[in-house]
Every structure is written in C-alpha cells, then in structure tokens.
Protein chains: 2
Amino acid sequence: MSNPHGNGDAFIVTYHLHLEPGIDVDQFARNICLEQTVELSDDLIVEDSIRDRVVGKILSIQSRSRHIYELKIAYQWQVAGHELPQLLNVLFGNISLKHGIKWVDFEGQSPVLPGPKFGLEGLRKAVQAWNRPLVCTALKPMGSSPNVLAEMAYHLALGGLDIIKDDHGLANQPFAPFEERVRQVQAAVLKANRETGGNTLYFPNFVPQLDDFSEQLALCRQLGIRGLLVSPFLVGLDMIRALRAKGEFILMAHPALSGGYFGHPHHGIEPGLLLGKWFRMMGADASIYPNVGGRFIFDLDTCQAINRGCRESLSHILPAFPVPAGGMSLQQIPQMRRLYGDDMIILIGSGLFREDPNLLQAARKFRLAVENPL
Amino acid sequence: MSNPHGNGDAFIVTYHLHLEPGIDVDQFARNICLEQTVELSDDLIVEDSIRDRVVGKILSIQSRSRHIYELKIAYQWQVAGHELPQLLNVLFGNISLKHGIKWVDFEGQSPVLPGPKFGLEGLRKAVQAWNRPLVCTALKPMGSSPNVLAEMAYHLALGGLDIIKDDHGLANQPFAPFEERVRQVQAAVLKANRETGGNTLYFPNFVPQLDDFSEQLALCRQLGIRGLLVSPFLVGLDMIRALRAKGEFILMAHPALSGGYFGHPHHGIEPGLLLGKWFRMMGADASIYPNVGGRFIFDLDTCQAINRGCRESLSHILPAFPVPAGGMSLQQIPQMRRLYGDDMIILIGSGLFREDPNLLQAARKFRLAVENPL
C-alpha cells in the first residue's frame, strides 16, 4: 500500500475490540480485514495482488485495558470506490453482526466525505449572529394544521429565534402535507423577518420517500428555503451526501433511529464519531444530539465527544455546529454555555412551550438568555 | 380511534420493555406514545383531537418476567402518512436513543408494506425448482476483474446453482465497475443456461449512490436481470420499498450494517422481526441472515424466528425465502434441512470454494446435496 496514513490512497478506521479470554487478538484483527473485503479466509485468496491491494492492512494493535484493544486498519480507497454505501459496508457492514467491535474513529479524505458546505461560520453568517449560541426550536405537535404551525412560526420568528425547524416527525401526513406546510410556514417566517429586520431561518423536515426526493427539493428551492432537517437513518445515509453534493441547503442532521448502535458498551458505533465527526464529514452543518440531563441516555463525556467531533480542527473540512437537545429548558442555558462554549445551537422544543404560552414572549426570553455574556 | 386492531386505520407495534426497579410501567409506556408522535408532555397538548388521533393508544401491558413487560401500542396510519421513513420514525426513531426498549413485532397493512412481489413460489417458478432448498453462492473475492467473475459464474451455472449473487461488497469499484461486471456476468450465466437448459439467475449487488439509482436500474432491466441483492441499511430502507413498488425485480435482502440493533439483550430490534417479517413486509422475496454455527452471533432460536418471520402465514402478504448463510459448508446441509425444512435458500460462499477448486464440480456437489430426499 503506497500510503497507509489516510491522506491519499488509503483511509484508516479505528475500532475498540472487547475480546473474550482465549481469543487471539491478531487473528481477530486479521479476520476483520478479510470479512470487510474479500469475505474469504486467507488460504482461499488465489491472487496475491488482491491480498495486497484489497484486504485491509493492520496498522497497529494496542492494549487499552484488560480484554480491550485499539485496532487501526488501513484500506485503499478503491475498495470503497469513493461511494458512501460501500464505504459504510467496509467500515461496519458485516462486523456489525459480530460481538465486541466498536467503531470509534475514521481518518481519510474523499469526495464522498466533503464536510459541511456552510459550516459553523457560514451558518452564523446566514443568521447574522456572532459571539453567542444560536437559538432554535421545533414546530409541533404533529397533528397541527399548516395554518397553526405557520402562526406559531410567525410569533417565534418575531421573538428572534435564529432557526425554526419542523419537528422531525412532521413528514407528509394528511393533517399537514409537506407542500402546504412548507409554503405556509416559510411565508410566515419571511413576513416576520420583513417586520423585524431579522434573519430567522425555517428548516423543513426533509424525509421524502425516494420517489418524492426531487419534487420536494424543487419546492424548497422555489420557496427560498435555506436549510433542511434530515434524519440520515430514516432516509438513508447517502441522502445527506446527495444533498451536500448539490450544495444548496444548510443541512441539520437528526439522530432518529441511530440509537441501536449506541446501546451496548462494547459493540456498535461511538456516538461522538457517528453523530459528531461522521455526520459532519458526510456534510451536516449542524448535528442534533440528545443532551445529558434530558429525556435520553448520553452522559456528559459522550456529549463532549460529539461536540469535539463537530468542532475539532480537520484539514479541508469545515467545523459544524453541535446541537444539544432532547428535553432542555431555558434554565439549563448558563450551564450549557459554561460546559460547551458558545459555538453551539441550543435546541429547546417543548421546554420553550412550557416557558410561556405566549410564544413571542417565550422566544424573546430564549434569545435574551444567550445574548448576555456569562 | 375507529379501528385499533391493525386491520384498517391503525397499525400495532409491540415492544418488550426492560425497566429498572422503581420505574412506573404505565408512565413509561405513555411516554413512548408521546415521544414517537407529538414530542410534548401530555399537559402541553392544546388540541384534544391531537391527543385522540395522533398520540399512540396503549392496547395492553403484560408482565412477562421480572422487570420485563410486553407493550402493545396502536397508532393511526395517518401519523406515518403511509410513507416508510416516517413509519420507521414512529416505530423506533427517538426511542432508539433510550434504554430498555426492544421492538419485537408489527401488525398492520399499508401500500408501503406490500410484501414480496414474487415470494417463495414466484422465486421457485423463476428457477424451476420444487420440493428442495434452492442453492446459491456469491461471486468473490472483491478485487477480481469482471472477466474472472464471469468465468466463475459460468462454471457455477453449469454446475446447476439456482442463484449466483454478487458478494455484497462488489459495488462500483475500479477493479470491477458495476456496468462492466453485470454485463459480463449476466452474459456468462445466460450462456451456461443455453448450454444446460437450466435456469440459473444472476443477482447483481445493487448498492448505488442515489444519483446512480436510475441508471444502474435501467442497465439491469436492459440486460434481462431478474433479481437484485440489496442491503437496506447501506442504501436506506426506503430503497427496498422503491424497488418493490416498481415490481420488476426479485429482491434478496442482505443484513449488512443492521447488527447494531441486535447487540443488546434488552434494547434494539428483534432480529426475527427486522430480518424476517419486516424485510419481507417491505418487499424482500428472500432475506439473508447469519446462520448459527457460522462466523456470526445468532443462536438457533433467533434463526428460527427469522425463518418464521419470512414464512409464517400473513393475510395479503406472500411468504419469502429465508437465506441462512455466513460461513456454511456442504456438510451442514442435512442438518439445516432437518432443522429448517426445505423452503429456504442455502447460501454457501467461501465454503463452496473450499469444497473443490473446480467450481463446476463444487456446484454439482452442492446441487446434489439438496436434491436427495433426507
């Protein structure tokens, strides 16, 4: 392999292995290299060039603690053909069906991992907000008419929120079909912006069946929508890449259905990698995650790892916004700012509705809570 | 709710809950109904009609064992809008990010869950094979040229295999680009069929980036390809539905990347549901799974549950073929037939290559092993 360090022909994947006593770590690692490529045992590979060019190369195996090892493997990019579905397959396809393998890191550059188009600075510019966290809420509840949602969005925009997104469960249901909802809400937000001189953005939830992809996208384009909410595990991870390739929309990723990979301590995908670095590499400008202290399971270390995955310096890839969410309230904002710094989007949904039934007032309080220096 | 039993306006989802001591099961269940729809606590729902029509209805909660409960919830179909991505979201979107929730069953009828187009009988008819398991292998290893793969397929087809599929890692890599590979392999298999009078089918691995979906499909159509191998978690679960909606191709599902949902005993998705009933409902005519005794983790009960999910009688939905695989050998065939019955496709990949370096001979032995009555 000409360049095993991920900055050219090869990419590098890191796993933590949790091995039962008696398992030979070298053989286990070698089996991963074979399983993820040729799906043959070594002695059945006839062509030496395939063993050389196609099977992964073990770069290092380091003991981390009792029974736990860190394994780094380099693969030539050609095994993934620079296509995202096959890249996912090499990284965690078949071995997802084994035990004791956690995918924890990835290094490599490819057109299919271009990073955000707008990124942290581009999104700040779009909403004209500097030196403070951005504030965001979600239109809800599912079952509301487009008219009700638009009225809600109008008041929230008047109150000065930066981003108003659909709840990720608002799809194309009969009570608020995609086209009607997006038309009405976008019009309401633009009206509020004209009245306030503000820059509130509306991000519709983009969760089309494949057949409706182009039509829904054309509608968003026509209405001057600037950003979309996308749940990669609901619509397919390649959808983020396909949207990013178009380069038209700010992309906010939602973690729905991703949680299967996080439930086991020693198997699956590290949340900091998947929801942080990986979603960002695929093209997300912002990544929503369930914050510690809310309705979900992540601890503070996991949340900080996601923040790092979104924001840490990577060559040729812009930083993205982490979006802590999932049961937050205005009272938690000072602590979130102290812990995470101000380069985040704070997403408060139901907590904002609870704050004040007058949504304009609630939004104003939310905005004020991030404008004061700590 | 007019019809809470899943045969009309509603669908029913079943979970097994594993609750820590002190957690109130009724409240936990109610929170799932809210989380998966309105994402609001009960007291913040303003419109009674939303509480009635949109929030899930608890049908039953039954204690199964210490700390474990079976919960059934009915949702009106309109919350999913008869679209697959949003249906997945209601079933396991946000709660995938919690602990102690295993999705174990689903009942309901919808155009997005049409079941197989061809099914068990349709696939038997396509290969003209009755009263025996079908035999299938995978072209490999990745890195081989289209010419080598076509030569391999030719001999395997001469030997009488029913189905020759691509390894699911053969995508669109430079060593065997999709178009060139599919053209050459399909030509080789058709040539063998002309010589033997046989009915071997070639199923290319269909793992396109979204941009290439239509073009790759058109090529398959033009070449007279009858079936496709599809990995729903690599290309997005809606891809299976989209292909099924076209109704042109026999669909064989591969479980790559699905394993994250199976690693934890008390959280995730039951393999028998996901790889059996659910893939079948989405439209898979056959579903590959890692069989007990191979390189992967499922036990016999899990494998039998997948078999049941594929084959059990469901109104208006055809049965599908279970495809036990993942490190099988010819020696295991009699036991597999005794355990599973003959309505299965036996997929032996590397074990066939090990059986005999002469692939025509290896394929003949494989075919013979299923032709003899037990």
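Figure legend. Inter-residue proximity from the stretch B:271-300: first residues hydroxyl-bearing (Ser, Thr, Tyr), second residues assigned to a helix (DSSP H, G or I) and modelled with pLDDT under 95, beta-carbon distance below 7 Å, spacing 6+ or different chains. No pairs are indicated. The single condition among (1) closer than 26 Å to B:Phe106 by Cα; (2) aliphatic (A, V, I, L, M); (3) surrounded by fewer than 18 Cβ atoms within 10 Å (Cβ to Cβ) that B:Leu368 does not satisfy is (1).
Of all residues in the stretch A:62-121, those being more than 24 Å from A:Gln27 (Cβ to Cβ), at the interface with chain B (Cβ under 9 Å from one of its Cβ atoms) and either β-branched (Val, Ile, Thr) or touching a Cys at 6+ places or on another chain (Cβ under 9 Å) (or both) number 1.
Which of the residues that make up the stretch A:275-298 are assigned to a loop (DSSP other than H, G, I, E, B) and either within 12 Å of chain B (Cβ to nearest Cβ) or at pLDDT 95 or above (or both)?
As a first pass, look at the stretch A:275-298 and keep what is assigned to a loop (DSSP other than H, G, I, E, B): A:283-285, A:291-298.
Correct list: A:Gly283, A:Ala284, A:Asp285, A:Asn291, A:Gly294, A:Arg295, A:Phe296, A:Ile297, A:Phe298.
The strands (runs of 3 or more DSSP E) found wholly in the stretch B:95-170 and carrying at least 1 residues that are under 30 Å from A:Asn291 (Cβ atoms) occupy B:101-107.
For the stretch A:129-144, check the following and say yes or no: at least one residue is in contact with a His (Cβ under 9 Å, 6 or more places away or on another chain), of a type in the set (A, V, I, L, M, F, W, C), buried (at least 22 other Cβ atoms within 10 Å of the Cβ) and under 28 Å from A:Ala187 (Cβ atoms).
Filtering the stretch A:129-144 for residues in contact with a His (Cβ under 9 Å, 6 or more places away or on another chain) gives A:138.
Add one more test, that the residue is of a type in the set (A, V, I, L, M, F, W, C), and what stays is A:138.
If we keep only those that are buried (at least 22 other Cβ atoms within 10 Å of the Cβ) too, we end up with A:138.
Filter once more, so that each one left must be under 28 Å from A:Ala187 (Cβ atoms): A:138.
Yes; the residues of the stretch A:129-144 include at least one that is in contact with a His (Cβ under 9 Å, 6 or more places away or on another chain), of a type in the set (A, V, I, L, M, F, W, C), buried (at least 22 other Cβ atoms within 10 Å of the Cβ) and under 28 Å from A:Ala187 (Cβ atoms).
Screening B:Ile73, B:Ile12, B:Ile45 for residues that are in contact with a strand residue (DSSP E or B) (Cβ under 7 Å, 6 or more places away or on another chain) and either of a type in the set (Asp, Glu) or over 17 Å from B:Asn94 (Cα atoms) (or both) leaves exactly one candidate, B:Ile12. Taken together, B:Val235, B:Val182 contain a single residue that is away from every other protein chain (no Cβ under 14 Å) and under 22 Å from A:Leu88 (Cβ atoms), which is B:Val182.
Go through the stretch B:344-354 and give me each residue that's closer than 18 Å to B:Glu151 by Cα and crowded, with 19+ Cβ neighbours inside 10 Å. Of everything in the stretch B:344-354, those that are closer than 18 Å to B:Glu151 by Cα and crowded, with 19+ Cβ neighbours inside 10 Å turn out to be B:Gly349, B:Ser350, B:Leu352, B:Phe353.
Looking only at the stretch A:348-362, decide whether some residue is within 14 Å of chain B (Cβ to nearest Cβ), within 18 Å of the chain's Cα centre (by Cα) and β-branched (Val, Ile, Thr).
At the first step, the residues of the stretch A:348-362 found to be within 14 Å of chain B (Cβ to nearest Cβ) are A:348-359, A:362.
Those still in the list that are within 18 Å of the chain's Cα centre (by Cα) too: A:348.
Next cut, β-branched (Val, Ile, Thr) only: A:348.
Yes: one or more hits.
Among the residues of the stretch B:20-34, the ones that are crowded, with 17+ Cβ neighbours inside 10 Å and in contact (Cβ under 8 Å) with a residue 60 or more places away in the chain come to 1 in all. Can you tell me which condition A:Gly159 does not meet? The list is (1) crowded, with 24+ Cβ neighbours inside 10 Å; (2) more than 12 Å from chain B (Cβ to nearest Cβ); (3) within 26 Å of the chain's Cα centre (by Cα), and all the others hold. Result: A:Gly159 passes all but (3).
Residue check: is A:Gly268 on the phi > 0 side of the Ramachandran plot and at the interface with chain B (Cβ under 10 Å from one of its Cβ atoms)? Steps first, please.
On the way: on the phi > 0 side of the Ramachandran plot: yes; at the interface with chain B (Cβ under 10 Å from one of its Cβ atoms): yes.
For A:Gly268, the condition - on the phi > 0 side of the Ramachandran plot and at the interface with chain B (Cβ under 10 Å from one of its Cβ atoms) - is met.
Pairs please, first residue from the stretch A:341-369 and at pLDDT 95 or above and charged (D, E, K, R), second anywhere and crowded, with 16+ Cβ neighbours inside 10 Å and part of a strand (DSSP E or B), Cβ atoms under 9 Å, 6+ apart in sequence or on different chains. Hits for this filter: A:Asp343/A:Phe321; A:Asp343/A:Pro322; A:Arg367/A:Val135. Could you check how many residues of the stretch A:51-78 are out of contact with any Leu (no Cβ under 9 Å at 6 or more places or on another chain) and closer than 24 Å to B:Phe353 by Cα? Looking only at that region, the number is 5.
Within the stretch B:216-263, count every residue that is outside any loop (DSSP other than H, G, I, E, B) and not aliphatic (A, V, I, L, M). Reasoning before the result, please.
Of the residues in the stretch B:216-263, the ones outside any loop (DSSP other than H, G, I, E, B) are B:216-222, B:227-230, B:232-235, B:237-246, B:250-253, B:258-262.
Checking which are not aliphatic (A, V, I, L, M) leaves us with B:216, B:220-222, B:227, B:232-233, B:238, B:241, B:244, B:246, B:258-262.
Qualifying residue count, the stretch B:216-263: 16.
Residues that are within 11 Å of chain B (Cβ to nearest Cβ) and polar (S, T, N, Q) were ranked within the stretch A:37-61; the one that is surrounded by the fewest Cβ atoms within 10 Å (Cβ to Cβ) is A:Ser49. Residues in the stretch B:240-265 that are within 13 Å of B:Lys117 (Cβ to Cβ), at the interface with chain A (Cβ under 9 Å from one of its Cβ atoms) and either crowded, with 23+ Cβ neighbours inside 10 Å or among the polar types (S, T, N, Q) (or both): B:Arg241 only.
When residues in the stretch B:310-343 are screened for being surrounded by 14 or more Cβ atoms within 10 Å (Cβ to Cβ) and part of a helix (DSSP H, G or I), 9 of them pass.
Which residue, of B:Phe213, B:Phe175, is outside any loop (DSSP other than H, G, I, E, B), of a type outside the set (Val, Ile, Thr) and within 11 Å of chain A (Cβ to nearest Cβ)?
Working: B:Phe175 fails: outside any loop (DSSP other than H, G, I, E, B).
It is B:Phe213.
The values are calculated or read from the model by the stated rules, or taken from the named source; none is laboratory data. These numbers were taken from a predicted model, which means no experiment stands behind them. With ideal geometry, Cβ positions are generated from the backbone for all residues, glycine too; neighbour counts draw on all protein chains shown.
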